[in-house]
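Here's the structure, in structure tokens; my notes come after.
The values are calculated or read from the model by the stated rules, or taken from the named source; none is laboratory data. These numbers come from a predicted model, not from an experiment. All Cβ positions, glycine included, derive from the backbone under ideal geometry; neighbour counts span all protein chains shown.
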Amino acid sequence: MAAKEDIRKLIERLIRIAEPESRLLAFGSTVNGLGLRYSDMDLCCLLDVKSSQMAPSALVQTLGELLKQETKFDVKLLPNARIPIIKLCLSPSASLPFGIACDIGFENRLALENTRLLLSYASIDPTRVRAIVLFLKFWSKCRNINSPYNGTLSSYGYSLLVLYFLIHVKNPPVLPNLQGMPPRQSSSLANTHINDHEAWFFDDIDCLRESWTSLNEQSIAELLIDLFRFYAREFPYADGVISIREGFLKKADNGWPSDSGTFSPRECNCFCIEDPFETTYNVARTVTREGLFLIRGEFMRASKMLSARSNSAPMVLSELCAPTTASSQSPALATLEPRTFDL
Ligand code: CTP
Ligand code: MG
């Protein structure tokens with residue numbers, strides 16, 4: 001975390017050469033408490049609207065050139081992407097044994113806010129929420145189904161699957177719905193829109209603790225077994241939408257047609273996860289039909305292995321996370337020792 005923070009400061013100093021009033025903020029797992037040692041660092045550059053003249057695509061070009069000249073990062077520019085970004089990468093070294101990958105975006109204020117929402121959920125029940133999200137991230141990376149670029153799901157998507165399960169599927173719930181709770185004062189609902197999206201949620205977790213406790217006493221292991229069974233066999237992928245804001249929704253009600261085969265293979269709407277604030281945005285839009293087949297197959301494999309319990313728990317968990325094939329492993333995962341688990 002300290003090495004990541006040093007890198008953030010260095011990049012911020014460089015960006016300020018071109019945009020003196022800008023700020024560079026970390027979001028995603030670097031700040032929401034749901035990071036692994038080899039997690040990337042997601043960065044968001046906030047510009048001063050009064051002084052900044054450049055469009056994001058021009059900024060990506062200018063700042064990208066600066067970073068190429070002044071740092072040892074491997075720099076890739078995506079100025080024409082839906083959200084223009086700069087991708088930076090450093091190879092592993094003694095101070096950064098897993099290397100580091102950073103994505104720098106611009107003005108992505110909703111991402112800062114959804115990071116705060118995930119952080120709030122993680123701090124309600126850190127033991128269970130963190131363990132389950134981190135396990136899903138680790139397992140999905142090992143099983144090669146955590147790659148939006150290759151037709152599967154981002155870590156953010158897996159985090160939302162876990163929250164949906166803990167808020168809306170478990171009865172009694174493990175977590176309350178922070179977006180469905182009444183505000184303490186009506187005034188706290190004012191100015192809660194970001195880019196025309198309602199972004200309010202109950203974020204006073206100390207106050208929440210005084211009035212809300214989960215009646216669900218299941219262990220991490222019991223919850224994981226139920227979660228794998230739910231996504232293997234119970235969730236209706238064909239017409240259901242996962243919404244942590246509302247609970248179960250139908251694709252048709254959300255304006256997302258069921259997977260009818262008429263969409264391009266890259267955006268088939270076969271798996272729908274509603275973003276908590278940008279409700280017309282499908283977080284799983286990168287999942288192809290083949291990707292969903294792989295993901296469901298992995299949930300089924302996991303559910304079967306966990307219910308059989310023929311071996312000791314650490315053995316089963318280690319087998320569950322066995323890398324799919326050496327060639328498809330990410331470089332970071334390839335450096336990890338085979339593990340046993342101690343739940
Ligand atoms: N994000 C988003 N929409 C997506 C994917 C990501 O808004 N489809 C934003 C979210 O704010 C999320 C952040 O980008 O918190 C980082 O996404 P990702 O790297 O997938 O999640 P992390 O929790 O950072 O996972 P990892 O530790 O694997 O990096
Ligand atoms: Mg990340």
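Taking ALA2 as the residue in question, decide whether it is within 16 Å of ligand 2 (Cβ to nearest atom) and of a type in the set (Gly, Ala, Ser).
no
Give region 137-155 a look and list any residue that's within 10 Å of ligand 1 (Cβ to nearest atom) and assigned to a helix (DSSP H, G or I), or say none.
Going through region 137-155, the residues within 10 Å of ligand 1 (Cβ to nearest atom) turn out to be 137-138, 140-141, 146, 148, 153-155.
Scanning region 137-155 gives LYS137, PHE138, SER140, LYS141, PRO148, SER155.
Against the condition part of a helix (DSSP H, G or I), within 18 Å of LYS4 (Cβ to Cβ) and modelled with pLDDT of 95 or more, how does LEU160 come out, does it pass? Walk me through it before giving the result.
Working: part of a helix (DSSP H, G or I): yes; within 18 Å of LYS4 (Cβ to Cβ): no; modelled with pLDDT of 95 or more: yes.
For LEU160, the condition - part of a helix (DSSP H, G or I), within 18 Å of LYS4 (Cβ to Cβ) and modelled with pLDDT of 95 or more - is not met.
If I ask for residues that are in contact with a helix residue (DSSP H, G or I) (Cβ under 6 Å, 6 or more places away or on another chain) and farther than 25 Å from ARG109 by Cα, which ones from region 197-222 would you list?
The one that is in contact with a helix residue (DSSP H, G or I) (Cβ under 6 Å, 6 or more places away or on another chain) and farther than 25 Å from ARG109 by Cα: ILE220.
Sort out which residues of region 104-123 are part of a strand (DSSP E or B), crowded, with 20+ Cβ neighbours inside 10 Å and within 16 Å of ligand 2 (Cβ to nearest atom), and write them in order of number.
ILE104
In region 62-83, is there at least one residue being at pLDDT below 90 and either crowded, with 20+ Cβ neighbours inside 10 Å or at positive phi (or both)?
Pass one, region 62-83, residues at pLDDT below 90: 80-83.
Those still in the list that are either crowded, with 20+ Cβ neighbours inside 10 Å or at positive phi (or both) too: none.
Scanning region 62-83 turns up no residue that is at pLDDT below 90 and either crowded, with 20+ Cβ neighbours inside 10 Å or at positive phi (or both).
Within region 90-99, which residues are loosely packed, with under 14 Cβ neighbours inside 10 Å and not in a loop (DSSP other than H, G, I, E, B)?
The initial filter retains those residues of region 90-99 that are loosely packed, with under 14 Cβ neighbours inside 10 Å, namely 91, 93-95, 97.
Those that are loosely packed, with under 14 Cβ neighbours inside 10 Å and not in a loop (DSSP other than H, G, I, E, B): none in region 90-99.
With respect to THR288, is the statement that it is within 21 Å of the chain's Cα centre (by Cα), within 28 Å of LEU112 (Cα to Cα) and without any contact (Cβ under 8 Å) to a residue 40 or more places away in the chain true?
On the way: within 21 Å of the chain's Cα centre (by Cα): yes; within 28 Å of LEU112 (Cα to Cα): yes; without any contact (Cβ under 8 Å) to a residue 40 or more places away in the chain: no.
So THR288 fails the test.
Residue pairs, Cβ under 6 Å, 6 or more apart or interchain, first in region 13-29 and farther than 17 Å from SER51 by Cα, second in a loop (DSSP other than H, G, I, E, B) and within 16 Å of ligand 2 (Cβ to nearest atom). List them.
SER29/GLY35; SER29/SER39
Search region 30-49 for residues being closer than 13 Å to PHE138 by Cα and within 6 Å of ligand 1 (Cβ to nearest atom), and hand back the single one that is surrounded by the fewest Cβ atoms within 10 Å (Cβ to Cβ).
Within region 30-49, the first condition is being closer than 13 Å to PHE138 by Cα, and the residues that meet it are 34-39.
Applying the additional criterion that residues be within 6 Å of ligand 1 (Cβ to nearest atom) yields 34-36, 39.
Working: LEU34: 25, GLY35: 19, LEU36: 15, SER39: 20.
This residue is LEU36.
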